[in-house]
1. Once R0 is set to 35 Å, what does the formula 1/(1 + (r/R0)^6) return for the Cβ-Cβ distance between Ser133 and Ser67, expressed as a FRET efficiency to the nearest 0.05?
2. In a shell of Cβ-Cβ distance under 12 Å around Leu74, excluding Leu74 itself, what net charge do Lys and Arg (+1) and Asp and Glu (-1) give?
3. Sorted by packing (mean other beta-carbon atoms within 10 Å per residue), highest first, where do 42-50, 133-141, 57-65 land?
4. Calculate, for Ser89 and Asn37, the FRET efficiency according to 1/(1 + (r/R0)^6) with r their C-beta to C-beta distance and R0 41 Å; round to the nearest 0.05.
5. Return the long-range amide H neighbours of Gly60 (sequence gap of 5 or more, or a different chain), with a cut-off of under 5 Å between placed amide H atoms.
Amino acid sequence: MNSTMAGILRVALGAPLILVVLAHVPAGVASERETRNNIGLGALVFAENCQRCHKADGYGEGALYPSLHNDDLLADRSLLIQTILDGRSRHAVDSADGTAPLMPSLDYLTNKEIVSIIAFISNTWGDDVLVVSESEVAAARRKGGQQ
């Protein structure tokens, strides 16, 4: 394990998390232990799939790879799910359809991995841990035509 990954795990599994989780997880959605496990898994999945562009600190690279330090973004469950599943594009004058890929689709990730990334990034750079269920991700996949 490299020092960056160790730092991410330290942030993801730190003691302050317990208070945040207890204060912001709706009853019956996820236990404290499950949420902590999701955050830990999310740190690993983020490091493997997202960190190259968004960087270990979540600040990205200017306009090319946006910062994840955005409370409005990190509180919008449907936007986060759809962005991870479908990716994002930006306006490009020189392309046939007027867009260029900004973020690739990560629809190859499991529902559990997507839930975990959202828990990790919202815990690390947002105000609260955003607890999303695997069934919400599955529903978004069906709505988008992905199985």
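Read the figures in this text as sums done on the coordinates, not as results from a lab. Just so it is clear, the model here is predicted, and its values are computed rather than measured. Counting neighbours? That spans all protein chains shown, and the Cβs are built from the backbone with ideal geometry, glycine included.
1. Working: r = 26 Å, r/R0 = 0.75.
For R0 = 35 Å, the calculated efficiency reads 0.85.
2. Once all neighbours under 12 Å are counted, the net charge is -4.
3. Peptide ranking by packing, descending: 42-50, 133-141, 57-65.
4. Calculated value: 0.80.
5. Distant-sequence amide H within range of Gly60: Lys55, Leu68.
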